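Asker: This is the structure I have questions about; it appears just below.
The values are calculated or read from the model by the stated rules, or taken from the named source; none is laboratory data. All values derive from a computational prediction rather than experimental measurement. For neighbour counting, all protein chains shown are included, and Cβ atoms are generated from backbone atoms with ideal geometry for every residue, glycine included.
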Amino acid sequence: MGTNGDGGAVNMKPDLGRLLVELQRYGVQVEDPIGARTGGAGPSDAGMMWVEGIPVTFPFGAEFVLTSPFLLRHEDSGWQLYRDGQRLAAATVPPPPKSYSLTTSDGIPYWKIALLHLDSLASTVIQTCVYWGNERQCHFCGIELSLDAGRTIPVKKPRQLAEVAKAARDLDGAVDVTLTTGTTNARDKGAVYLAKCAQAIKQSSGLPVQGQFEPPDDLSVLEQVKDMGVDSVGMHVESFDPYVFARVAPGKAKRGIEAYFNAWERAVKVFGEGQVSTYVILGMGEDPELTADGCRRAIDMGVYPFIVPIRPIPGSIMEDILPPPPAYVESMYRQVVPHLVANGLTSSNVKAGCARCNACSAMGAFEREADGSSRRNLPILQVR
């Protein structure tokens with residue numbers, strides 16, 4: 001279930017799902033400055049807002065956004081979303097987080113430790129990756145771009161994250177924490193250090209935490225991570241098409257897709273159904289049938305496939321690619337989401353992380369359409 005800017009639950013009109021798909025394809029031009037995330041460890045370049053109470057992130061800084069038909073404008077009545085000059089809906093842009101004005105005891109601004117993504121605090125605890133800058137680099141990733149730009153620090157300490165998480169909860173209403181990490185050379189791929197950070201966060205704030213990391217060589221690490229306080233995990237296969245996986249994520253792909261299924265099977269036993277997720281990125285040349293089949297197989301195991309369109313990050317290897325056509329993205333949602341709903345694995349049941357927030361996808365909209373809970377009549381015009 002999505003939340004509005006005040007944290008209240010909302011229902012959703014089916015047409016709004018299509019609007020979200022189009023916003024995430026074309027991006028939004030913005031006349032006035034807003035907070036946005038650039039660089040980072042995954043699909044990024046994110047402007048953030050609520051559209052009629054529904055959370056959504058959208059491409060913001062890429063060159064193709066200059067031709068977007070969508071415009072976000074601040075007026076006397078507040079923010080308004082337009083398409084080709086016609087008003088579509090009211091929007092809410094989150095204010096600058098109050099916690100961003102604070103610094104840690106060692107003098108580091110909180111915003112260099114973790115960023116607030118609407119109501120979710122997120123941090124890459126190790127901002128470097130063994131695959132970065134060599135032939136193994138993930139083509140869609142921008143993990144070290146923000147580090148090179150001076151917007152973050154290489155390694156966040158558990159006590160720093162604990163301090164920031166408590167402030168984000170108290171000052172900005174954060175409801176969960178998402179921790180990710182660049183892959184390390186260690187057999188645990190960085191998961192144990194991430195879990196130490198999660199442990200400190202849980203002790204200071206009590207917020208639920210998702211940990212995102214490459215599957216460790218020894219899957220017993222998953223039990224260790226759980227015991228240290230991680231509530232849900234994301235281990236991201238990126239694409240169920242083996243040829244695409246090998247091309248866009250060559251370092252990760254050397255283990256093969258089946259290694260991910262094996263890791264998910266163990267993780268579901270540890271964390272429970274619906275508390276294990278994987279990113280599935282659309283628009284990289286993947287076979288649609290393989291993609292849908294892989295998503296359904298993951299769902300049958302209790303894994304939430306978090307389907308998102310490619311969001312090209314300026315400075316990444318794939319910076320010049322365009323997000324896929326809205327009709328294709330919507331078709332994938334309609335093939336996968338009913339199976340998700342039938343198995344009870346909706347985003348509303350996820351404790352923490354990207355699937356819980358759901359703002360970088362439109363899956364939540366189609367979940368509510370599939371389970372018949374879309375009852376609110378929103379003043380949104382039909383979009384093509």
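Asker: Just need a number here: residues in region 151-161 that are assigned to a helix (DSSP H, G or I) and surrounded by 20 or more Cβ atoms within 10 Å (Cβ to Cβ).
Answerer: Total satisfying the criteria: 2.
Asker: E258: crowded, with 19+ Cβ neighbours inside 10 Å and acidic (D, E), yes or no?
Answerer: no
Asker: Looking only at region 291-331, filter to residues that are over 26 Å from F261 (Cβ atoms) and of a type in the set (G, A, S); which one of those is surrounded by the fewest Cβ atoms within 10 Å (Cβ to Cβ)?
Answerer: Once the filter is applied, the top-ranked residue is A327.
Asker: Please tell me if F245 is without any contact (Cβ under 8 Å) to a residue 24 or more places away in the chain and crowded, with 18+ Cβ neighbours inside 10 Å.
Answerer: In short, yes.
Asker: Additional query: Of all the residues that make up region 126-154, how many are out of contact with any Phe, Trp or Tyr (no Cβ under 9 Å at 6 or more places or on another chain) and charged (D, E, K, R)?
Answerer: Qualifying residue count, region 126-154: 3.
Asker: Okay, moving on. Taking the stated definitions as given, is T181 under 20 Å from the mean Cα position of the chain (by Cα), closer than 24 Å to S204 by Cβ and either modelled with pLDDT under 95 or among the small types (G, A, S) (or both)?
Answerer: When the stated conditions are applied, T181 does not pass them.
Asker: For the structure I just gave you, tell me whether P109 is under 27 Å from T124 (Cβ atoms) and either in contact with a Cys (Cβ under 8 Å, 6 or more places away or on another chain) or without any contact (Cβ under 8 Å) to a residue 60 or more places away in the chain (or both).
Answerer: Yes; evaluated as a whole, the condition is true for this residue.
Asker: Separate question: From D227, D241, grab the single residue that is touching a Leu at 6+ places or on another chain (Cβ under 6 Å) and either at pLDDT below 95 or among the charged types (D, E, K, R) (or both).
Answerer: Only one candidate qualifies: D241.
Asker: I'd like to check something: does region 369-379 contain any residue that is modelled with pLDDT under 95 and either under 28 Å from W132 (Cβ atoms) or among the basic types (K, R) (or both)?
Answerer: Yes, region 369-379 has at least one match.
Asker: Looking only at region 127-141, which residues are buried (at least 21 other Cβ atoms within 10 Å of the Cβ) and either aliphatic (A, V, I, L, M) or over 14 Å from the mean Cα position of the chain (by Cα) (or both)?
Answerer: Q127, C129, C138
Asker: Let me ask something else about it. Give just the number: which of (1) charged (D, E, K, R); (2) modelled with pLDDT under 75; (3) within 30 Å of A370 (Cβ to Cβ) does D32 not satisfy?
Answerer: Evaluating D32 over (1) charged (D, E, K, R); (2) modelled with pLDDT under 75; (3) within 30 Å of A370 (Cβ to Cβ) leaves (3) as the failure.
Asker: If you don't mind, there's one more thing I want to ask. Condition (residue is small (G, A, S) and part of a helix (DSSP H, G or I)) applied to region 329-341: is it met by at least one residue?
Answerer: Yes, region 329-341 contains at least one residue that is small (G, A, S) and part of a helix (DSSP H, G or I).
Asker: Give the number of residues within region 197-226 that are surrounded by 24 or more Cβ atoms within 10 Å (Cβ to Cβ) and either closer than 11 Å to L161 by Cα or among the charged types (D, E, K, R) (or both).
Answerer: Qualifying residue count for the region: 4.
Asker: Return the residue satisfying two criteria in turn: it lies in region 71-111 and is in contact with a strand residue (DSSP E or B) (Cβ under 9 Å, 6 or more places away or on another chain) and part of a helix (DSSP H, G or I), and of such residues it is surrounded by the fewest Cβ atoms within 10 Å (Cβ to Cβ).
Answerer: S101
Asker: Go through region 200-217 and give me each residue that's part of a loop (DSSP other than H, G, I, E, B), farther than 16 Å from E265 by Cα and in contact with a Ser or Thr (Cβ under 9 Å, 6 or more places away or on another chain).
Answerer: Of everything in region 200-217, just one residue is part of a loop (DSSP other than H, G, I, E, B), farther than 16 Å from E265 by Cα and in contact with a Ser or Thr (Cβ under 9 Å, 6 or more places away or on another chain), namely P208.
Asker: Condition first: in contact with a Leu (Cβ under 9 Å, 6 or more places away or on another chain), assigned to a strand (DSSP E or B) and under 29 Å from R18 (Cβ atoms). Can you find one or more residues in region 124-132 that meet it?
Answerer: Looking for residues that are in contact with a Leu (Cβ under 9 Å, 6 or more places away or on another chain), assigned to a strand (DSSP E or B) and under 29 Å from R18 (Cβ atoms), one finds none in region 124-132, hence no.
Asker: Follow-up. Would you mind stating whether A165 is of a type in the set (A, V, I, L, M, F, W, C) and surrounded by fewer than 16 Cβ atoms within 10 Å (Cβ to Cβ)?
Answerer: No, not satisfied.
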